[in-house]
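Read-outs throughout are calculated quantities, based only on the coordinates presented, and are distinct from any laboratory measurement. Computed from a predicted model, the values in this text were never measured in an experiment. Note that each Cβ is placed from the backbone with ideal geometry, even for glycine, and that neighbours are counted across all protein chains shown.
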Amino acid sequence: MLLGVSQSAFSHTRLEIPTVVEGLRVSNNVVISHGCGDGTNVVAHSVVFPDGVDSIIKVDGAEVTGAVSDYLTNYGNLYQKIMNHSAFTNEDEKRDASGNTVGYWVDGGKSPDYYTTYVPFRASAAFINSDSCASNVRVTVAVADICKVTSPSGFADTTVNLWTPAVGSNFDGPGLHGFNSPATLTYTRDLENNPLPEGCSETGSTVDIIPSAAQMNRDMPIVKKGKQFWPKVGH
Ligand SMILES: [Cu+2]
């Protein structure tokens, strides 16, 4: 049985500009591509970028130990919300203990199921470590498109779309529409000015930086004036 005809498998929430050459600062948008079925609206939206502190790092798909700085030399506080009250009235950035922006939330809007809605942010220039073999560094961006504010037990295709990595957090959403299908922002190496060092394969490696489960649990909730708004606290 089809749940909602408008929930096309091809229209997932993604970034307007998913690939950026290292060293460039780019204005970008998270593109909300649908709601939670016919007649629903996205009323709030929550975004988390890996904090680079306890993030999961993979090289060509295999998890590695080490630091994000092995691959991106200036990671941390690269992302800022661009203020825009046209689609959602309220917004704020989320910060970690060191004051770095690790995400943002918006609410006070109604983005219909059949609409495409842009939520703007700025990504500062990132630089690929010249000692590394990384040719691409793909940053996983976790997004929740919220149609109805519920507690975690109310997460369903009719209440929320979770575009999150399945890392064992409360926001994995097993069985839901966007399961383990997060948005990504890929930095590509400027091979002319930052050539691969000797000993790397010809094509170099693809590195993934993914928010940890601990960070997801800490940073995905929407907290307004010290009070958690989404998900509802409780069962
Ligand atoms: Cu979709």
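Things worth noting here:
- Net dipole in debye of the chain [+1 Lys, Arg Cβ; -1 Asp, Glu Cβ; about Cα centre; nearest 20]: 960 debye
- Long pairs among LYS81/LYS232; LYS110/LYS232; LYS148/LYS224; LYS58/LYS224, criterion Cα-Cα beyond 22 Å: LYS81/LYS232; LYS58/LYS224
- Distance cut-off 22 Å, percentage of C-alpha pairs in the chain lying past it: 51 percent
- Whether segment 139-235 is rounded, prolate or oblate, judged on the alpha carbon gyration tensor where a/c under 1.5 counts as rounded: prolate
- Phi angles across segment 174-190 convert, under the Karplus curve 6.51 cos²θ - 1.76 cosθ + 1.60 with θ = phi - 60°, into 3J(HN,Hα) values of x, x, 8, 3, x, 4, 6, 10, x, 6, 9, 10, 9, 9, 9, 6, 7 Hz, Gly and Pro given as x.
- Among VAL141, TYR75, GLY199 - extreme Cα towards positive end, dipole of the chain, charges at beta-carbon: VAL141
- Modelled FRET efficiency - R0 30 Å, GLU198 with VAL64, Cβ distances, 0.05 increments: 0.90
- Residues LYS227, LYS110 arranged by fewest to most Cβ contacts within 10 Å: LYS227, LYS110
- Modelled label reach - GLU16, point 7 Å along Cα→Cβ, segment 134-154 residues with backbone N closer than 19 Å: 141-145
- Here's the picture: charge each Lys and Arg Cβ at +1 and each Asp and Glu Cβ at -1 in segment 32-179, and of GLY37, TYR104, ALA87 the one pushed furthest to the positive end of that dipole is ALA87.
- Expected 222 nm ellipticity per residue - DSSP helices of 4 or more, -39500 (n - 2.57), all of the chain, to 500: -500 deg cm²/dmol
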